[in-house]
Each structure stands twice: as C-alpha cells, then as structure tokens.
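To keep things clear, I will list the structure first and then write my remarks on it.
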Amino acid sequence: MMGHQEKVLAFKQSVFEADPDTQIDDYNAVQTEIISHDVYQSWQRSFDNGIYINDFVDDSSLQPDQLNDVLEQNQTIINLSSPEINKLYQMIKGAGNMVLLADKNGVILDHLGDAGFVDRASEILLTKGAKWGEIDKGTNAIGTAIKQDKAITIHGGEHYLNAHSFLTCASVPIHDPYGGVLGVLDITGDYRGGNPHTLALINMSVEHIECEMFNHSFHKDVIVELYCASSNHISAVNRFSGAKWYEKVIMVFSFSGLLIAANKCAMNQFGLTRQSLNNKAFEDIFNQKINGLIDHIILSSTHAYPLKNHSGAVYYAKAKSSYARLRSFTKPNETPSVLAINQIGRDECITFDHVDLGDAQMARNINKIKKIMPHDIPILLQGETGAGKGWIARAIHHESERANKPFIAVNCASMPRELIESELFGYVGGAFTGAKSAGYKGKILAADKGYLFLDEIGDMPLDMQSRLLRVLEDKQICPIGSVQNIALDINIISASNIDLKQAVEDGTFRRDLYYRLNGLAIKLPNLSEREDIEPLVAAILQREFPQMDIQLNAAVWNLFKAHCWPGNIRQMHHVLKVATLICDDDLIELKDLPDDFLAEAINEDEEITNIISLEDSEKTVIANMLNACDHNISKTAKKLGISRNTLYSKMRQYSL
C-alpha cells in the first residue's frame, strides 16, 4: 500500500514527466485529495518558469559583495528576527530541524539549526545567500509563501523538485507596517519528522517580529492593537472575521488622529488600502476622536479601551506610545477624562465574584476587605508576582462607593527614577528646566475622590517615600515649585511582592510609611496553595474565550493541580491562552501545552513526570494495536474496547 509521500511523487511524475507538452491546467481535473490547490498552482507556475521536476539543484547564490548589500538592506528585519529565531530553535533543537530567515525575494539571510541537518541542507544549497524564490527553486515553502503572500507548509514530495522531497518546510510571510511582504520565517526539517503545530509556532514568532517592527518604526506615534468583541463580527476564539487567531490587527495613528500605518490584517478588516494611509482619520473608522484613547494610555493603563466602528461593532484597543511623547501631549493642569480613568472599573467589570472562586483563604481576605471598605483605611496587598494583586485592587474599586470616581494605578518599579517626583506630585509652570509653562497635575491629584493604587511600592526610592508619607499624613499635596497646598480625598491601595516588613528591617523601606500603608494587610496565597484551581481555570477561559466551551483532559487537570506554578495566576493565564489557541476540538491535552511549561513541570518532581508518562503509554498501546491490526480502524477500535470516533480522536491527538 502506497504512503502519502509515494502517492504525491507518483502523481507529480504522471502530470509533469510523462508528457510535458500536455499539462493539465484545470485543478479540478486532478486528484484533489492528494495535494492542495495552492500546491498544484505552484507546480504549474514552476513548470511555466522552465523548471522540471528532475532538474539538478540550482546552484545559484549571491556573490559575497552582493550578499553584503542584501544583508545591509535587510539589517532591520535581521535584528528584529534574531531573538525569535533563537527562541524557535530552542523549541525544536535536537529533532533535526533548522530555522531560516529569507528576504522578500527568497534570499536566505540567516539560519540556525542542528549541525547534522544543516550539513545535509547545505548539499541542496539551503544556506545563507542562496536564492529560494519560487522562480529559482520551484515549489518550496519560502518561495511559495512569498508568491502567495500567506503561510504555507510544503511537505515531502509536494516540493516541485524531486531533489527537495526529503524536506518538510513551513513558512510565514513577515509584513511591513504597510502590509507589504518584507521576508519569510521558515522551519525546515526531514519530512518524516513533520509536526502539525510548526506553523502555529512560526506564526507567533512572526507576530512578535511585526509588533516590534511597529514599535521600532512608530514609537513616537500611537500604536493600537485591536480585538473584536461583537458576536456578529467575531468567531468562537475572539478572532476577526476572515482572520486567523495569530493575525493581530495593528494600526498606527498620529496624535492628531491621522492613520499612518496598518498591517495587512487591519487593512483587510477595515477595507483599507495604501491610499487610505495619511488620508483617513481615527473618527473615519471609529465613532469618536482619538483623544479619549490617548487619555487612557496617559494614565499608564494596561487595560483595554472600548471602541465602536460606525456599524456598531465593538472592539477593545490596547494602545501605546513613547513616554516622552505622551508627556508632551498631556494638556497642562488637565486631569484625563473620567471615562478613561474609570474604564478599568466599569468596562473590565472586575468584582469580588471574579476573585472569590472557592478558596478558603481568598474568601477570608475578601470578607475582611468588605468590612473595612466603607472606612478610610489603607489596604496593603502582599503576594508573589502574578498572584492577582491588581485584580483585587480593581475589584475593591469597583465594589466601593467610589466606583464612579478615578482609579489611578501607578507601577512604582517601572517609572523612571528621574521622573517619579514630577509624575506623582505634578508641578507648576517653570518649576524646572523643561517643565511645561502651564504645569502638570500629576497622578496623585488625578486620583482625587477615587483610589490610588501603588503597585510594587517596595521599589519606590527612599526620598520619594518620605514625600509620599507627608502627602498621606496631611491629606494635601503641594506640586513641585508651588507654595500652595491642595486638599486631597483619596483611598490608598498598595501592593508588593517583597516582604515589606523585612525591607523595613533592612533599611530599604521607611518604617513610618509601612505602618501608614498597613491599615489592613492582606496576604494573597500562591496559586499552588489555592483550593479553587478548577473554577479559576473556568473563569480564565470564560473571560478570554467567552463563546467557546474549552475542556481539559484528565492528564492536564492532574498536571495543573500538581504543579507549583511559580508565575501564579499570570502564568496559568498565558498557558491556558496558548493551549486554547493550539488545541483541536476545544479539548486541551498535554501536547497543546507550551514546551517550556512542560519542561518546567517535568523537572519539578516524579509525580508530574508520571502524569505525563501516562499519556505516552496510551500512545504506545494504540500505535502497537494499529500495527497489529494493519491499521484497520474498526478492528483496532474493537480490540481496544473504544468507539471508532474515539480512536480517530486519539490518532489525531498522538499524530498516529
């Protein structure tokens, strides 16, 4: 019985070698179950370019001076891609693969791979400086991805040249900020070791590269990432209509609202063209001006901002710009709009019900918080990174009498030291060199009548701690350069992932400030200590993928419950998000979990290793039974005591 590779090679020979003067141009006339339409069309183009399937490997490559010119022209994409190439290789190394970067013409700019396979690939000139455009090498993932401007996998005999049939290659185009193809990221290996998830891994890396390209090119403008929320505009995995999950929608606007750039997915989503750039305004696409979004990011908010287009579709935007540019844009003595400030409280809708999911310690914590909330008592949240301190803070604000007032979050660890004082306390015009003539209000005053959330308070410099203490004690603030005190009415929530009491003993945190902030100290449990793992997983999946019914198989549940979760809820959130996007049939299995997470779990203890080994054992049993029954599905299912559908599902799960 012929395997798929043999069928593809035989079919290709029957079409392109038997009678090269009588080619079949109609794809519908061929055996469509053997190859895809994309592959067949590429074969046709290869033949039309004068390439024949049994040709010797083209040995053309750039001369050293030509290669140097090409490398210089592509230095930006090489630099931006280098970290992703290294990350990808770390995931696949040891399995006989290589990662390649090519330019828009298919010239290989860089590669990294296993020594044995790299040597073998060099025999067919799959190396730096070689030309792998479709016109040079016929159907191949690099050249065909560029030609068709879409991600593609070319497996084994699907390569037009028979000399390349030992390869399996997956390529994804890298686009510039205007939607044009800049190059291709590719993973190539032996066709016998192909992995169906390879394309997904490359897609994630390309997304990172394209995001960095926007950051690199437009850091002084407003970069907007969009996520669709309307049910009639979104499918089950929060993706845009017509877009894959990995296709992030990115747009760039000037501070006046002019559209400067948009990636390919954004252009498709909103019907834009290159002519739209520098000709469309923010309000031409959405039902408001850009000012509200800018107000939102001035507050250093990491939370999504809701937008509607003129058809009523709802989107959530995450936007960013350079710190200095935002500072220069902020209007003097102006507090950002209440809508932008309160977006965290209202649109995120984080309540105590979102954080009280069945863990006894969390329930006790929330009960204490509820009792002191009506009173002016500061709350100190302590716990490891990722334990949910920010969520608790937003829930307190949302459930309080100040829910319709500002919630200002300040990350004390990330703010530049030289700017902390002016950002927190504000200043009057002419207070220092470079100060705005009309002054700046500052974040503490922006929180008046609402909540000020001081995250990572333990990282605040000692001199700033002294000034903050004075503000909290006196309940009034004096901006830099002013002699006039301004009355304050704010509630304080602070958070730290370090032991502040120990920091006091070490002399890195003021004792008096510690006791001023420590009205009610709340210790958040680590994720590994919590009793509500299952409802927490369900809550995360419901929040991220509300229209999907994602399930975890028994092995994954056992792993989640046994794992130590060093990154706590933040780590679980990322693991679940990646696994959901990769999994088949809405069922998360061990194979869908990120490789680094599985490696972390395996190194943890023998119990977790045994959990993972159970699934490997099942794969072995099924594989052996299939071989014993000559791959007769009905017979194999009967022998195993399972249904045919279950067997098919297991075969997909284990790639059998």
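It is to be established whether one or more residues within segment 456-465 are more than 38 Å from the chain's Cα centre (by Cα) and modelled with pLDDT of 90 or more.
Applying the first criterion (more than 38 Å from the chain's Cα centre (by Cα)) to segment 456-465 yields none.
So far as segment 456-465 goes, no, none of its residues is more than 38 Å from the chain's Cα centre (by Cα) and modelled with pLDDT of 90 or more.
Go through segment 152-174 and give me each residue that's under 23 Å from Lys248 (Cα atoms) and either open to solvent by 30 Å² or more (accessible area, probe 1.4 Å) or modelled with pLDDT under 90 (or both).
Answer for segment 152-174, where residues must be under 23 Å from Lys248 (Cα atoms) and either open to solvent by 30 Å² or more (accessible area, probe 1.4 Å) or modelled with pLDDT under 90 (or both): just Thr153.
Kindly list the number of the only condition in (1) at pLDDT 85 or above; (2) exposed (fewer than 15 other Cβ atoms within 10 Å of the Cβ) that fails for Ala236.
(1)
With respect to the numbered conditions (1) outside any helix (DSSP H, G or I); (2) modelled with pLDDT of 90 or more; (3) open to solvent by 40 Å² or more (accessible area, probe 1.4 Å), which one is the sole condition not fulfilled by Lys501?
Failing condition for Lys501: (1).
For segment 626-639, which positions are assigned to a helix (DSSP H, G or I) and open to solvent by less than 50 Å² (accessible area, probe 1.4 Å)? Steps first, please.
Taking segment 626-639 and keeping what is assigned to a helix (DSSP H, G or I), we get 626-628, 633-639.
If the condition is that a residue be assigned to a helix (DSSP H, G or I) and open to solvent by less than 50 Å² (accessible area, probe 1.4 Å), then Leu626, Ile633, Thr636, Ala637 are the ones that fit.
Can you give me the ranges of the strands (runs of 3 or more DSSP E) entirely in segment 118-197 with at least 1 residues that are charged (D, E, K, R)?
Details: elements: 152-155, 167-175, 181-190.
Because the criterion is at least 1 residues that are charged (D, E, K, R), the strands (runs of 3 or more DSSP E) in segment 118-197 that meet it are 181-190.
Determine the pairs where a residue that is more than 11 Å from Ile379 (Cα to Cα), located within segment 483-500, has a partner that is open to solvent by 60 Å² or more (accessible area, probe 1.4 Å) and assigned to a strand (DSSP E or B) with Cβ atoms under 9 Å apart, the partner being 6 or more residues away or on another chain.
The qualifying pairs are Asn485/Gln476; Ile486/Gln476; Ala487/Gln476; Leu488/Gln476.
Residue by residue through segment 36-57, note down the ones that are surrounded by fewer than 18 Cβ atoms within 10 Å (Cβ to Cβ) and part of a loop (DSSP other than H, G, I, E, B).
Ser36, Asn49, Gly50, Tyr52, Asn54, Asp55, Phe56, Val57 - these are the residues of segment 36-57 that are surrounded by fewer than 18 Cβ atoms within 10 Å (Cβ to Cβ) and part of a loop (DSSP other than H, G, I, E, B).
Looking at segment 531-549, which of the residues that are open to solvent by less than 20 Å² (accessible area, probe 1.4 Å) and either of a type in the set (D, E, K, R) or assigned to a loop (DSSP other than H, G, I, E, B) (or both) is nearest to Ala304 (Cα to Cα)?
The extreme case among them is Phe545.
Take the conditions among the polar types (S, T, N, Q) and surrounded by fewer than 19 Cβ atoms within 10 Å (Cβ to Cβ) and apply them to Asn215. Does it pass? It would help to see each step written out before you state the result.
Numbers: among the polar types (S, T, N, Q): yes; surrounded by fewer than 19 Cβ atoms within 10 Å (Cβ to Cβ): yes.
In short, yes.
Please go through segment 598-618 and give me each residue that is charged (D, E, K, R) and at pLDDT 70 or above, ordered by number.
Glu600, the sole residue that qualifies.
Limited to segment 558-574, what total is found for residues that are open to solvent by 10 Å² or more (accessible area, probe 1.4 Å) and part of a helix (DSSP H, G or I)?
Just the residues of segment 558-574 that are open to solvent by 10 Å² or more (accessible area, probe 1.4 Å), to begin with: 558, 561-562, 564, 566-567, 569-571, 573-574.
In the following step, the residues that additionally are part of a helix (DSSP H, G or I) were identified as 558, 561-562, 569-571, 573-574.
The qualifying residues number 8.
For a quick check of your reading of the model, give me the residue pairs whose first member lies in segment 199-213 and is under 11 Å from Leu185 (Cβ atoms), whose second is open to solvent by 40 Å² or more (accessible area, probe 1.4 Å) and not in a helix (DSSP H, G or I), with beta-carbon atoms closer than 6 Å and at least 6 apart or on different chains.
Leu199/Thr153; Asn203/Tyr246; Glu207/Tyr246; Glu207/Lys248
Here's a check for you: in segment 137-189, which residue that is under 23 Å from the mean Cα position of the chain (by Cα) and among the acidic types (Asp, Glu) is farthest from Lys264 (Cα to Cα)?
The initial filter retains those residues of segment 137-189 that are under 23 Å from the mean Cα position of the chain (by Cα), namely 145, 149-153, 170-187.
Keeping just the survivors that are among the acidic types (Asp, Glu) gives 149, 176, 186.
Details: Asp149: 10, Asp176: 9, Asp186: 19 Å.
Across segment 137-189, the extreme among qualifying residues is Asp186.
Please work out which residue is modelled with the lowest pLDDT, limiting yourself to segment 341-363 and to residues that are among the charged types (D, E, K, R) and within 19 Å of Phe407 (Cα to Cα).
Let us first name the residues in segment 341-363 that are among the charged types (D, E, K, R), namely 346-348, 353, 356, 359.
If we keep only those that are within 19 Å of Phe407 (Cα to Cα) too, we end up with 346-348.
Numbers: Arg346: 35, Asp347: 40, Glu348: 51.
Among them, the one singled out is Arg346.
Filtering segment 364-397 down to residues that are open to solvent by less than 80 Å² (accessible area, probe 1.4 Å) and modelled with pLDDT under 90, which residue is farthest from Glu456 (Cα to Cα)?
Gly386
How many residues are part of a strand (DSSP E or B) and either open to solvent by 20 Å² or more (accessible area, probe 1.4 Å) or within 19 Å of Asp149 (Cβ to Cβ) (or both) when one looks only at segment 89-107?
First, the residues of segment 89-107 that are part of a strand (DSSP E or B): 97-103, 107.
When the remaining residues are screened for being either open to solvent by 20 Å² or more (accessible area, probe 1.4 Å) or within 19 Å of Asp149 (Cβ to Cβ) (or both), the result is 97, 100-103, 107.
Within segment 89-107, residues that are part of a strand (DSSP E or B) and either open to solvent by 20 Å² or more (accessible area, probe 1.4 Å) or within 19 Å of Asp149 (Cβ to Cβ) (or both) number 6.
Which of the residues that make up segment 473-490 are in a strand (DSSP E or B) and either in contact with a Cys (Cβ under 8 Å, 6 or more places away or on another chain) or open to solvent by 20 Å² or more (accessible area, probe 1.4 Å) (or both)? Walk me through how you get there before you give the answer.
Filtering segment 473-490 for residues in a strand (DSSP E or B) gives 476-477, 480, 486-487.
Of everything in segment 473-490, those that are in a strand (DSSP E or B) and either in contact with a Cys (Cβ under 8 Å, 6 or more places away or on another chain) or open to solvent by 20 Å² or more (accessible area, probe 1.4 Å) (or both) turn out to be Gln476, Ile480, Ile486, Ala487.
The values are calculated or read from the model by the stated rules, or taken from the named source; none is laboratory data. As the structure is a prediction and not an experimental result, all values here were calculated from the model. Cβ atoms come from the backbone with ideal geometry, glycine included; neighbour counts cover every protein chain shown. Accessible surface areas use protein heavy atoms only, side chains included; no ligands, DNA or RNA. Shrake-Rupley method; radii C 1.70, N 1.55, O 1.52, S 1.80 Å.
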